[in-house]
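A short worksheet on the structure shown next.
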Amino acid sequence: MATITVGTNEIKWLRRCFASLVDNDTEGFDLDVHFVDNASTDGSVDMVAREFPQVKITRNPANLGFTGANNVGIRTALADGADYIFLVNPDTWTPPRLIHAMVEFAERWPEYGIIGPLQYRYDAESAELAAFNPWTNIALWLGEQHAFAGDRLDHPSPASSFEGRAPRTLEHAYVQGSALFARAAMLREIGILDEVFHTYYEEVDLCRRARWAGWRVALLLDEGIQHHGGGGATTRSAYTRVHMRRNRYYYLLTDVDWSPVKAARLATRWLVADLLGKSVVGRIDPATGARETAAALMWLAGHASTIVERRRSHRVLRTGRGAA
């Protein structure tokens, strides 16, 4: 069992995060706690090495993004023979029994490839799981609809049938990467995070690939974690806006469950909104919206061959599930 935490100048969160991880109940299994640092300059690595000598540290020479840095840790954990891998953000606090509870669930329900706890508001002064954070509120509101249900375009739920389902689970469209527990056998089958995403939508993609391969994906309604949300990211930054836009299109274009007509209809709706500055993370002026949308579209054009290859591999995953 391994946990992977990626940090980029996240020193203000790391003490409480790692203290909760290294003190977790690991009766019956070994736990490796990994810290993958994305070229921080705030002393994060030195602090973790000094205060948490049991944590295994990897220093990336450059910022590889959330996806690339997590993959560094995932590859290490898989090479070390981990059965399960828990991706957990720096701005989290993990309750003492959470990892044990997720391992127990995975052992009892082998058809689940990805699970995750509900997320509660972060409180540095308390260990209580008192109130849901915004992501959980949205996830519970959307329930088991498609990831793009908020765009008001009807599309089937990705959830599996109720037959054979574990109790007290919600098969939401995805488990957020800030607290995502994955079965190593599944990762070896479907592959790890798609590094083309760099940041945003990579976990949504991983969850859909898991389902295409026949694995269940679910949130555990009786388990929770504190998560601040956003961490060191600036929500309305140009980086965030451009990555979320381009990755949304990339995700849609590589989704073999969507008909070309329906995908074109949704992409057109997005394009009009983006050009008008109605960003996925807030409104901006139309000139900035047009400029950033053009940058996203140019990026997509440059990745046309990758999109074709991803669609081919995704069809193989889905066809394999159907044949089983």
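The values are calculated or read from the model by the stated rules, or taken from the named source; none is laboratory data. Remember, predicted model here, so these are calculated numbers, not experimental data. So basically every Cβ, Gly included, is an ideal-geometry build from the backbone, and we count neighbours across all protein chains shown. Calculation scope for accessible area: heavy atoms of the full protein, side chains included, ligands and nucleic acids excluded. Shrake-Rupley method; radii C 1.70, N 1.55, O 1.52, S 1.80 Å.
A few remarks follow.
- Matching option when the condition is surrounded by 14 or more Cβ atoms within 10 Å (Cβ to Cβ) and under 25 Å from the mean Cα position of the chain (by Cα), among Leu300, Leu276: Leu300
- Unmet criterion (only one of (1) over 30 Å from Asn9 (Cα atoms); (2) part of a loop (DSSP other than H, G, I, E, B); (3) not aromatic (Phe, Trp, Tyr)) for Thr306: (2)
- There is no residue in segment 200-217 that is at pLDDT 95 or above and surrounded by fewer than 17 Cβ atoms within 10 Å (Cβ to Cβ).
- Subset of segment 310-324 (residues that are open to solvent by less than 70 Å² (accessible area, probe 1.4 Å) and either β-branched (Val, Ile, Thr) or at pLDDT 90 or above (or both)): Arg310, Arg311, Ser313, His314, Leu317
- Close pairs from segment 142-157: first under 17 Å from Ala264 (Cα atoms), partner of a type in the set (A, V, I, L, M, F, W, C) and assigned to a helix (DSSP H, G or I), Cβ under 6 Å, at least 6 apart: Ala147/Val204; Ala149/Leu142; Leu153/Leu266
- Unique match (being more than 30 Å from Ala213 (Cβ to Cβ) and either part of a loop (DSSP other than H, G, I, E, B) or open to solvent by 60 Å² or more (accessible area, probe 1.4 Å) (or both)) among Thr268, Thr288, Thr293: Thr268
- First in segment 173-186 and assigned to a loop (DSSP other than H, G, I, E, B), second anywhere and open to solvent by 10 Å² or more (accessible area, probe 1.4 Å) and small (Gly, Ala, Ser), Cβ under 7 Å, 6 or more apart: Ala173/Ala147; Tyr174/Ala147
- Scanning segment 184-195 for residues that are in contact with a helix residue (DSSP H, G or I) (Cβ under 6 Å, 6 or more places away or on another chain) and either surrounded by fewer than 16 Cβ atoms within 10 Å (Cβ to Cβ) or farther than 22 Å from Asp83 by Cβ (or both) gives Asp194, Glu195.
- Ala263 vs. criteria over 18 Å from the mean Cα position of the chain (by Cα), loosely packed, with under 13 Cβ neighbours inside 10 Å, not in a strand (DSSP E or B) and not β-branched (Val, Ile, Thr): no
- Of the residues making up segment 125-183, those that are open to solvent by 20 Å² or more (accessible area, probe 1.4 Å) and in contact with a Cys (Cβ under 7 Å, 6 or more places away or on another chain) number 1.
- Qualifying residue in segment 244-260 (condition: more than 23 Å from the chain's Cα centre (by Cα) and either under 30 Å from Ile115 (Cα atoms) or open to solvent by less than 10 Å² (accessible area, probe 1.4 Å) (or both)): yes
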